[in-house]
Amino acid sequence: MNLSGKILIAMPAMGDPRFEKSVVLLCSHSDQGALGLIVNKPLPELAFSELLDQLGIARDQGIKAVPVQYGGPVEQGRGFVLHGADWHASTGTMDVVGGLAMTATQEVLAALARGQGPARALLALGYAGWGAGQLEAEIARNDWLTADATPDLIFASDNGGKWAGALAQMRIDPLTLSASAGRA
């Protein structure tokens with residue numbers, strides 16, 4: 001099973017509050033484990049312009065604000081820019097299925113600060129990581145639903161609506177989800 005480029009949608013019984021109602025884009029998934037970015041948990045206390053200032057990256061006036069998200073509980077001081085495949089850094093860009101890419105170098109931040117970066121982007125601080133077999137066990141335990149990722153959902157400005165929006169893409173009403181799992 002390779003879920004790279006898919007989204008994980010947290011089920012109501014998710015036991016970890018850091019992932020409650022989360023939508024996670026899986027950037028890579030293999031037998032070795034998985035790496036994903038939560039795309040619907042904003043960090044309102046940190047603006048993109050402030051982050052650029054902290055990193056000493058000069059910015060042009062009037063650049064568009066890039067949303068800053070809580071990407072996950074692992075290495076929260078590390079940043080990842082999730083963006084469309086319309087832009088690639090000279091190094092450090094990973095293609096994700098479905099017209100998405102992820103860059104973990106300051107080159108993308110500098111390009112965004114000059115208004116020359118990718119057309120759509122979000123910055124995630126930290127990531128969600130799973131060891132070999134861990135994610136598969138969580139899916140089997142009914143912690144996550146998996147679905148196709150769409151750039152419109154990933155880059156939507158309504159973070160609060162992404163979880164319900166992801167379920168709606170699957171034609172699932174959130175009110176019909178049960179907090180308990182079962183086997184038929």
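No lab work stands behind these numbers, since they all come straight from the coordinates. Just so you know, these numbers come straight off a predicted model, no measurement behind them. Don't worry about glycine lacking a Cβ; one is built from the backbone with ideal geometry, like all the others, and counts go over all protein chains shown.
Using unit Cβ charges (K, R positive; D, E negative) and no other charged atoms, how large, in debye to the nearest 20, is the dipole of the stretch 108-156 about its Cα centre? That gives the stretch 108-156 a dipole magnitude of about 320 debye.
With N counted as the residues of the stretch 82-136, its alpha-carbon radius of gyration over 2.2 N^0.38 Å works out to 1.26. Dividing the summed -39500 (n - 2.57) terms of all DSSP H runs of n ≥ 4 by the residue count of the chain sets its mean residue ellipticity at 222 nm at -5500 deg cm²/dmol.
For the stretch 6-173, the calculated P(r) over all alpha carbon pairs, in 10 Å bins from 0 to the bin holding the longest distance, is 10, 41, 35, 12, 2 percent.
Projecting the Cα atoms of Y127, M102, A147 onto the charge dipole of the chain (Cβ charges, centred on the Cα centre) puts A147 farthest toward the positive pole.
Taking the C-alpha atoms only, the angle from helix 159-169 to the longest principal axis of the chain is near 50 degrees.
This model, with +1 at the C-beta of Lys and Arg and -1 at the C-beta of Asp and Glu, gives the chain a dipole about its Cα centre of some 180 debye.
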